[in-house]
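The values are calculated or read from the model by the stated rules, or taken from the named source; none is laboratory data. Keep in mind that what you see is a predicted model, and the values were worked out from it rather than measured. Counting neighbours? That spans all protein chains shown, and the Cβs are built from the backbone with ideal geometry, glycine included.
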Amino acid sequence: MSEPERWVIAIDGPAGVGKSTISRKVAAHYGLTYLDTGAMYRAVAWYLKENDIDPDTENELAEALEQLSIELLPAVDETADVGVVLNGADISALIRTPEISMQASTVSARRPVRDKLTALQRRFGERGGVVAEGRDTGSVVFPTARFKFYLDATPEARARRRADQLRERGDAVDEEELLEMTRVRDKQDSERALAPLKIAEDAVLIDTTELDIDQVFKKIIETIAEKKN
Ligand code: DC
């Protein structure tokens, strides 16, 4: 299992901590596939909203999930988000809004949603060669992942980073509101009963509050180099 093409590297942490950017860089470094599990929860949230389905209505939710097919498209380059195709339609541009972030956090607490997406993610990673990013990839989806990392940072630092990202895309930004949303998502994601956001026992914790992307990347690469033998 010392060959990268067999590895699963799990990178978890709260919203806005830089997981996506770091995970893409790590995947590119080892020539692995990047698995953005949050994009799948976002896709489900978008679909339920678009079709006016209440995630609290069990039957409707089960029916909707049965009809749902989600496909991830490889990112066009190291800095781009992965694409998402839902029932044949490319919804990539529609799922990265603050509204869908909040709804993804809410629907991700529902058991049928977690069961479906966890199974999909395991299939994606069953042959290895994957950098999986999310909230529970090290604790639940891939408990035997070869390397596990948990990235953390203060809510203020994370809200600031999200604001910068949105500004870069040309979106309007309300920093106060972003901070509030970060706090609400932290609470929802870490207090839910199923697969809550938490540090897997064997994960390496990296506090990124005072670190830039390259410093975090370096720490991960160094840790893997140390641990792989
Ligand atoms: O990583 P993200 O911001 O794209 O994730 C959106 C939401 O999806 C997040 O608030 C919680 C949920 N999620 C989850 O419950 N488990 C994962 N492995 C990934 C995301």
**Asked** Do you know which of the residues in the stretch 183-217 that are crowded, with 17+ Cβ neighbours inside 10 Å and among the acidic types (Asp, Glu) is farthest from Ala10 (Cα to Cα)?
**Response** Asp186
**Check on Thr137, buried (at least 20 other Cβ atoms within 10 Å of the Cβ) and either over 28 Å from Arg160 (Cα atoms) or near the ligand (Cβ under 10 Å from one of its atoms) (or both)** = yes
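Which one of these is within 12 Å of the ligand (Cβ to nearest atom), in contact with a helix residue (DSSP H, G or I) (Cβ under 8 Å, 6 or more places away or on another chain) and assigned to a strand (DSSP E or B): Ala104, Ala132, Ala109?
Details: Ala104 fails: assigned to a strand (DSSP E or B); Ala109 fails: assigned to a strand (DSSP E or B).
The unique qualifying residue is Ala132.
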**Message:** Just to be sure I understand, how many residues within the stretch 149-158 are under 14 Å from the mean Cα position of the chain (by Cα) and away from the ligand (no atom under 13 Å from the Cβ)?
**Reply:** 2
**Request:** Please determine, by comparing only the residues of the stretch 47-73 that are within 15 Å of the ligand (Cβ to nearest atom) and under 30 Å from Phe217 (Cβ atoms), which one is nearest to the chain's Cα centre (by Cα).
**Result:** Leu72
**Item:** Number of the exception - Val85 against (1) within 16 Å of the ligand (Cβ to nearest atom); (2) of a type in the set (A, V, I, L, M, F, W, C); (3) not in a loop (DSSP other than H, G, I, E, B)
**Value:** (1)
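Results for (1) at negative phi; (2) crowded, with 21+ Cβ neighbours inside 10 Å; (3) at pLDDT below 95, shown as yes or no for each residue.
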{"residue": "Pro98", "(1), (2), (3)": "yes, no, yes"}
{"residue": "Ser101", "(1), (2), (3)": "yes, yes, yes"}
{"residue": "Ala104", "(1), (2), (3)": "yes, yes, no"}
{"residue": "Val107", "(1), (2), (3)": "yes, yes, no"}
{"residue": "Arg110", "(1), (2), (3)": "yes, no, no"}
{"residue": "Leu117", "(1), (2), (3)": "yes, yes, no"}
{"residue": "Arg123", "(1), (2), (3)": "yes, no, no"}
{"residue": "Glu126", "(1), (2), (3)": "yes, no, yes"}
{"residue": "Phe142", "(1), (2), (3)": "yes, yes, no"}
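For residues in the stretch 1-22 being more than 10 Å from the ligand (Cβ to nearest atom) and at pLDDT 95 or above, which is farthest from Gly129 (Cα to Cα)? Spell out the reasoning first.
Residues of the stretch 1-22 more than 10 Å from the ligand (Cβ to nearest atom): 1-9, 11, 18, 21-22.
Subsequent filtering for residues that are at pLDDT 95 or above retains 7-9, 11, 22.
Values: Trp7: 5, Val8: 6, Ile9: 8, Ile11: 14, Ile22: 16 Å.
Looking at residues that are more than 10 Å from the ligand (Cβ to nearest atom) and at pLDDT 95 or above, I get Ile22.
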**Prompt:** Within the stretch 54-68, is even one residue over 13 Å from Val113 (Cα atoms), surrounded by 18 or more Cβ atoms within 10 Å (Cβ to Cβ) and out of contact with any Cys (no Cβ under 6 Å at 6 or more places or on another chain)?
**Reply:** no
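It is to be established whether one or more residues within the stretch 212-224 are among the charged types (D, E, K, R) and touching a Ser or Thr at 6+ places or on another chain (Cβ under 8 Å).
Going residue by residue through the stretch 212-224, those that are among the charged types (D, E, K, R) are 212, 214, 218-219, 222.
Of the ones still in play, those that are also touching a Ser or Thr at 6+ places or on another chain (Cβ under 8 Å) are none.
No, the stretch 212-224 contains no residue that is among the charged types (D, E, K, R) and touching a Ser or Thr at 6+ places or on another chain (Cβ under 8 Å).
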